[in-house]
Amino acid sequence: MSSRDVPTSEEFPEGLKYSFQYLGPADEEILRYDNANDGHDVGRHHRHTRDEVEGIEFEGLRSHIQKFLEEVETIHEQEFA
């Protein structure tokens, strides 16, 4: 998980850049939340799964981290526990 303050701009109106990743045993990406380049045409804030990229709502850093961790826990319990 990483987040850092950046100058507030049109690209980063919250003044924040972040990327949260959950990797599998072979370092394959299982889940990622980020606000990097909107080249996916789904909005600035989005989540990557094994199969798709979709836009997600950003309600603040703490809330976003909590949602990510809850999703990681669910995936872990379903696939690896």
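Can you find, within region 18-55, the residue that is modelled with the lowest pLDDT among those that are within 23 Å of Pro7 (Cβ to Cβ) and part of a loop (DSSP other than H, G, I, E, B)?
Checked region 18-55; the qualifying residue modelled with the lowest pLDDT is Asp38.
Pull up region 3-17, narrow it to residues that are small (Gly, Ala, Ser) and part of a loop (DSSP other than H, G, I, E, B), then point me to the one that is nearest to the chain's Cα centre (by Cα).
Gly15
Which of the numbered conditions does Gly43 fail, given that it passes all the others? Conditions: (1) out of contact with any Gly (no Cβ under 7 Å at 6 or more places or on another chain); (2) surrounded by 12 or more Cβ atoms within 10 Å (Cβ to Cβ).
(1)
Take Ala36 and decide whether it is closer than 25 Å to Ile75 by Cβ, without any contact (Cβ under 8 Å) to a residue 40 or more places away in the chain and over 15 Å from the mean Cα position of the chain (by Cα).
No, not satisfied.
Looking only at region 1-38, which residues are in contact with a helix residue (DSSP H, G or I) (Cβ under 9 Å, 6 or more places away or on another chain) and either on the phi > 0 side of the Ramachandran plot or aliphatic (A, V, I, L, M) (or both)?
Once the filter is applied, which keeps residues that are in contact with a helix residue (DSSP H, G or I) (Cβ under 9 Å, 6 or more places away or on another chain) and either on the phi > 0 side of the Ramachandran plot or aliphatic (A, V, I, L, M) (or both), region 1-38 yields Met1, Leu16, Ile30, Leu31.
The values are calculated or read from the model by the stated rules, or taken from the named source; none is laboratory data. All figures in this text were calculated on a predicted structure; none of them were measured in a lab. Backbone-built Cβ (ideal geometry, glycine too); neighbour counts: all protein chains shown.
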